[in-house]
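These notes concern the structure reproduced below.
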Amino acid sequence: MAEHKKVRKAVFPVAGLGTRFLPATKAVPKEMLTVVDKPIIQYVVDEALEAGIEHFVFVTGRNKHIIEDYFDIHFELEQTLRERSKKAEITLLAGQLPKAGTVSFTRQQEPLGLGHAVWCAREIIGNEPFALLLPDMIMKSEGKGCMKGMIDLYAQSGGNIIAVEECEPDQAHKYGIVGVGDAIGDGFRITDMVEKPAKGTAPSNFFINGRYILQPEVFKILETQERGAGNEIQLTDGMLKLLKDQAFAGYHFKGTTYDCGAKDGFILANVAFALERADIRPTVIDGFKDLLKGI
């Protein structure tokens, strides 16, 4: 098996306004909304940690300082917990805190799209491959996490990796879809990428689910990338250009993805993760049964 440069850093684009969750997101970043008792962003960071990521790069915007505060020590809170001998809570907070010097924050000063947000991280990433995790998406799987599976596939294939899932063929027009080539490991070579193809024209039913491993050459492409759909700099457009010179593989994620950037996905994520919690499952499941009786 060929050696490939290690993926040490991950980018989290967290500059979005979260307008679909107003009025809550007027004061609280959407990434800090909680699924059960953890912020959405914590689930995504935990997935990166499981995959062996060492450095976490947050591309933020105005009014997102709460995220930076969350990944820092809260002296007054911890002092109060120590005075009250709240050992379990102290341990919980310590486990959530990244090591000093492993978290970086940079600003996306204008909302110019995902491609632009990724480009804003270029100086921190440098000339290294990097992971990209969209913070709206929470993955739930029985075995290893999505990014861990991608890292394993990267060790086999090198190049660029995109996580994909299957949808019903008649729903492919709603997603970014990839073309399917030869099998490799837990995935396949990607031959094409199409953003929301017209009905009946999709090259497959495998859609992009918000997890990537990209080579640093994408930064040079994004630097001069013209605006695309929505008058924004689209990451997919940049990846299509990179595909001409570098290999892409699709990691077939076999689990459930909850889009917590949408109200229905956010609610379903809370239900799914609540039912996994032994401490609240009995009460929650009885409450759900009572609610369902009234439907």
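See the values below:
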read-out	value
Semi-axes of the equivalent ellipsoid for the range 32-92, Cα gyration tensor, largest first, Å	23, 16, 12
Amide H contacts of VAL180 (H built 1.01 Å from N, under 5 Å, at least 5 apart or other chain)	THR191
Residues in the range 27-44 that a label on ASP264 would reach, taking backbone N under 17 Å of a point 7 Å out along Cα→Cβ	none
Cα radius of gyration and Dmax for the range 148-295 (Å)	18.7, 57
Kyte-Doolittle mean at least 0.0 and Cα axial length at least 15 Å: DSSP H helices in the chain	40-50, 146-157, 263-275
Taking only Cα atoms of the range 215-286, radius of gyration then Dmax in Å	19.5, 55
Cβ-Cβ FRET estimate between HIS4 and LYS174, R0 fixed at 35 Å, reported to 0.05	0.60
Dipole magnitude of the range 7-77 about its Cα centre (Cβ charges: Lys, Arg +1; Asp, Glu -1), debye to nearest 20	460 debye
ARG107 long-range amide H proximity, modeled H, under 5 Å	THR60
For the range 1-62: rounded, prolate or oblate by the Cα gyration tensor [a/c cutoff 1.5]	prolate
Share antiparallel - DSSP beta bridges, the chain, percent rounded to 5	60 percent
Choice from GLN109, GLN79, GLN246 showing the highest fluctuation, given a GNM over the chain with Cα pairs closer than 10 Å	GLN79
The range 156-262, accessible area per residue, ligands and nucleic acids excluded (1.4 Å, Å²)	46 Å²
Rg/Rh ratio calculated on Cα atoms of the range 1-127 (Kirkwood radius)	1.01
Contour excess over end-to-end distance, with Cα ends at GLU110 and ALA155 and 0.36 nm allotted per residue	12.7 nm
Hz values of 3J(HN,Hα) by residue in the range 6-21 - Karplus curve (6.51, -1.76, 1.60), Gly and Pro given as x	5, 8, 9, 10, 10, 10, 10, x, 10, 8, x, 7, x, 5, 6, 10
Isotropically averaged projected area of the chain, using the convex hull of Cα atoms (one quarter of hull area), nm²	17.9 nm²
Lys/Arg +1, Asp/Glu -1 at C-beta; the chain dipole; positive extreme among PHE248, ILE90, ILE267	ILE90
Extension gain, LYS26 back to LYS254 (0.36 nm per residue minus Cα-Cα distance, nm)	78.6 nm
Those GluC sites (Glu not before Pro) in the range 1-73 that DSSP places in a loop and that have at most 16 other beta carbons within 10 Å	GLU3, GLU54
Computed [θ] at 222 nm, helices only, for the chain once each DSSP H run of length n ≥ 4 contributes -39500 (n - 2.57)	-9500 deg cm²/dmol
GLY187 long-range amide H proximity, modeled H, under 5 Å	HIS252
Residue of ILE213, ILE124, ILE53 that the Gaussian network model of the chain assigns the largest fluctuation, springs spanning Cα pairs under 10 Å	ILE124
Electrostatic dipole magnitude of the range 179-295 [Cβ: Lys, Arg +1; Asp, Glu -1; Cα centre; debye, to 20]	260 debye
Of every Cα-Cα pair in the range 109-209, the percent that sits beyond 23 Å	36 percent
Solvent-accessible area, 1.4 Å probe, carbon plus sulfur percent, for the range 161-277	48 percent
Selected from PHE273, PHE206, PHE12 as most flexible by GNM, with the chain as the system and alpha-carbon contacts under 10 Å	PHE273
Cα-based equivalent ellipsoid of the range 144-184: semi-axis lengths in Å, sorted from largest, via gyration tensor	23, 12, 8
Average accessible surface area per residue within the range 19-108, 1.4 Å rolling probe, Å²	59 Å²
Vicinal HN-Hα couplings computed from phi for the range 168-180 (Karplus, 6.51 cos²θ - 1.76 cosθ + 1.60; Hz; Gly/Pro x)	5, x, 6, 10, 4, 5, 8, 10, x, 10, 10, x, 9
Extension reserve of the LYS199-ILE66 stretch, reckoned as 0.36 nm per residue once the Cα distance is removed	43.7 nm
At R0 = 41 Å, FRET efficiency that the Cβ-Cβ distance of ILE295 and GLU226 yields, to 0.05	0.25
Protein accessible area in the range 1-89, 1.4 Å probe - carbon and sulfur %	53 percent
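The values are calculated or read from the model by the stated rules, or taken from the named source; none is laboratory data. None of the values given here were measured: they were computed from a predicted structure. For neighbour counting, all protein chains shown are included, and Cβ atoms are generated from backbone atoms with ideal geometry for every residue, glycine included. Areas reflect the complete protein model, heavy atoms only, side chains present, ligands, DNA and RNA absent. Shrake-Rupley method; radii C 1.70, N 1.55, O 1.52, S 1.80 Å.
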